[in-house]
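**Q** This is the structure I want to talk about, given as structure tokens.
We did not get these values from a lab; they are worked out from the coordinates using the rules stated. Quick caveat, the model's predicted, so the values are computed rather than measured. Glycine also receives a Cβ, built like all others from the backbone with ideal geometry; neighbour counts cover every protein chain displayed.
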Amino acid sequence: MKFFGSSDSTAQDAAAAQRAKLTRRSSSLAQLIKSLDSEETLCILDLGSTSPANIRYCTERGHKIYSDDLLISSTDPSLAIKDEAGKPTLDSKRFLEENLVYPGAQFDIVLCWNLPDYLDESLVKPVIGRLWSLLKPGGMLLAFFHTQEAGPDAPCYRYHIMGGDTLEMQHIARGDGKKGSPASKFRLQRVFNNRNIENLFRDFASIKFFLARDNVREVLVVR
């Protein structure tokens, strides 16, 4: 697994990128859509800021959808602690006490998107473990992982379902919560290879890979 350091962008660059919206084709989404288009009422967890497009797509088909912006929640300064060796880390126990607080086996689908690539290392495995417990047996999780060719400056996107195999991508940035303060980019923290991804989801029943053209490895896993 390759790790990257962090650096801040200028407010001007971040603001311009945040306004930019792109689209991409997703083979894994196309497969997931088959479930979303079913007549059965599903319960869906969307890991990102509230997306009107995702809410509309799911509710129009009679499904229930919840949003949980874990990436933003992980930037809470009060989570910062030191481990036994005195190195900076985040309090994963407290993070899970405050986030992903749902009954076990509640969800049929989790839209994880690119969260593991940008989330602090100390939170990745605990979060995936919690998601496993929140999925129903046979439930599916969709996740995107950058390949090494993407580079550490790969932008972080919020994904909006447009239908079929099409996603709209909106660049997201972070701030310190103070009015008028400059925003900075979420940095790609690491690159998972296939073995890393398999280990991350080792408690799941199955995993399917889809290699996209934009240096992204798509994954569909089944609980």
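**Q** So which of Lys87/Lys136; Lys82/Lys125; Lys82/Lys185; Lys93/Lys136; Lys87/Lys208 end up more than 27 Å apart, counting from Cα to Cα?
**A** Lys87/Lys136; Lys87/Lys208
**Q** How much of the DSSP beta bridge set in the range 2-222 is antiparallel, as a percent to the nearest 5?
**A** For the range 2-222, the DSSP antiparallel bridge percentage is about 70.
**Q** Quick one: dipole size for the chain, taken about the Cα centre, charges +1 on Lys/Arg Cβ and -1 on Asp/Glu Cβ, in debye to the nearest 20.
**A** Dipole size: approximately 220 debye.
**Q** Comparing Asp46, Asp117, Asp153, which has the greatest mean-square fluctuation in the GNM of the chain with Cα pairs linked when under 10 Å apart?
**A** The residue that fluctuates most here is Asp153.
**Q** Same structure again: Before rounding to the nearest 500, sum -39500 (n - 2.57) across all DSSP H runs of length at least 4 in the chain and divide by the residue total; then give [θ] at 222 nm in deg cm²/dmol.
**A** Dividing the helical sum by the residues of the chain leaves -7500 deg cm²/dmol.
**Q** Then there is this: At 24 angstrom or more along the helix axis (alpha-carbon based) and mean Kyte-Doolittle of -1.0 or higher, what helices does the chain contain? Whole DSSP H runs only.
**A** none
**Q** Rounded, prolate or oblate: which fits the chain when a ≥ b ≥ c are the square roots of the eigenvalues of the alpha-carbon gyration tensor, with rounded for a/c under 1.5 and prolate only if a/b beats b/c?
**A** rounded
**Q** Anyone know which of Ala212, Ala85, Ala143 comes out most mobile in the 10 Å Cα GNM of the chain?
**A** Fluctuation is largest for Ala85.
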